[in-house]
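Step one of this worksheet: look at the structure below.
The values are calculated or read from the model by the stated rules, or taken from the named source; none is laboratory data. The shown structure was predicted, so the numbers you read here are calculated from the model rather than taken from an experiment. Note that we place each Cβ from the backbone using ideal geometry, even for glycine, and neighbour counts take in every protein chain shown. Surface areas here come from the heavy atoms of the whole protein model, side chains and all, with no ligands, DNA or RNA. Shrake-Rupley method; radii C 1.70, N 1.55, O 1.52, S 1.80 Å.
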Amino acid sequence: MKKASLFLIALCLLCLSCEKTPVNEWDRFYGFTKDDIVGHYEANPDESLYQELPTQGVTVYSNATIDITSLSGNSISIRIVIPSVINKVFSGAVNNEENSSDLVLRNFNEDIMMTVYKNSKGQIRMHGRVKRYRYDSDGILIDSNYYGFDVIKSTEN
């Protein structure tokens, strides 16, 4: 009986040590271009990504969509829609720095900030947030609202 118990314990320990560590399939996409990111993006189906971000008060919405269209030169237009929450357009230039994987565009009292990722299949993913700033009549910041998203570029155009 003692040998059977020891064998069972050893078997359990062996199974636990064989458990695979989850592999992150997404790498930051440094040096992305306007052509890389133009397209339609749907909410990422990986539900594990919709937990609250480290920044308190940021909710990542699992129903966001983004459309990025090309404008003249190196400029783009980004429309982000989170049903019943926001429907906003941001326009600006794409930063083509080789050491950057982030995209930030500002409109008056709002901005959109996202990190661009790419996987081994060539898929493009964006994770970020829209931030809305609220000021008092003296122009002093009194509050900010955050709307998080995680989207993947659709293969259909």
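A few notes on this one:
- Apart from one condition, Ile82 fits all of (1) surrounded by 14 or more Cβ atoms within 10 Å (Cβ to Cβ); (2) over 19 Å from Tyr41 (Cα atoms); (3) not acidic (Asp, Glu); the exception is (2).
- Scan of the range 94-103 for residues that are open to solvent by less than 60 Å² (accessible area, probe 1.4 Å) and outside any strand (DSSP E or B), ordered by number: Val94, Ser100, Ser101
- Here Tyr117 qualifies as open to solvent by less than 60 Å² (accessible area, probe 1.4 Å), within 19 Å of Pro45 (Cα to Cα) and assigned to a strand (DSSP E or B).
- The residues of the range 105-157 that are aromatic (Phe, Trp, Tyr) and more than 21 Å from Thr59 (Cβ to Cβ), listed by number, are Phe108, Tyr135.
- Residues in the range 120-157 that are open to solvent by 40 Å² or more (accessible area, probe 1.4 Å), among the β-branched types (Val, Ile, Thr) and either within 11 Å of the chain's Cα centre (by Cα) or closer than 17 Å to Ile66 by Cβ (or both): Thr155 only.
- Residues that are closer than 16 Å to Leu103 by Cβ and modelled with pLDDT under 95 number at least 2 in the following strands (runs of 3 or more DSSP E) confined to the range 1-93: 26-28, 86-93.
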